[in-house]
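Here, each number is a calculation from the coordinates, and none is a lab measurement. Not measured: the values here are computed from a predicted model. Positions of Cβ are generated from backbone atoms using ideal geometry, with glycine treated the same way; all protein chains shown enter the neighbour counts.
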Amino acid sequence: MSENATGVTEEEKFRFDLTGFFIRPAILTPDEVAAIVDQIDRIFHDPDSLPPHERGMPGGAAQLIIDHPKVM
């Protein structure tokens, strides 16, 4: 499928319109994913182990998702 000016294929646009999201594999590195998973685990199981600004989303490692160059 061809991509438009945003780099999104017609199929991805259709899936986004249908579900509100689409998946792009290999955007984040394994280390980035591990850091975000660790943050989420700590938010739910030991929130006091995180600084206040990292106890919610987006914050801490999850902040990366907001303006990651491969996502933009």
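Annotations for the structure displayed:
- Of all the options A34, A62, A26, the one that moves most in a Gaussian network model of the chain with Cα springs shorter than 10 angstrom is A26.
- Applying Stokes-Einstein at 20 °C and 1.002 mPa s to the Kirkwood radius of region 24-72, computed over alpha-carbon pairs, gives a translational diffusion coefficient of 191 µm² s⁻¹.
- The residue list G56, P30, H68 was ranked by how far each Cα lies along the charge dipole of region 24-72 toward its positive end, using unit charges on Cβ atoms, and H68 comes out on top.
- Per-residue [θ]222 nm for the chain (sum of -39500 (n - 2.57) over DSSP H runs n ≥ 4, rounded to 500): -13000 deg cm²/dmol
- Listed residues E11, E32, E54, most fluctuating in the chain (Gaussian network, C-alpha, under 10 Å): E11
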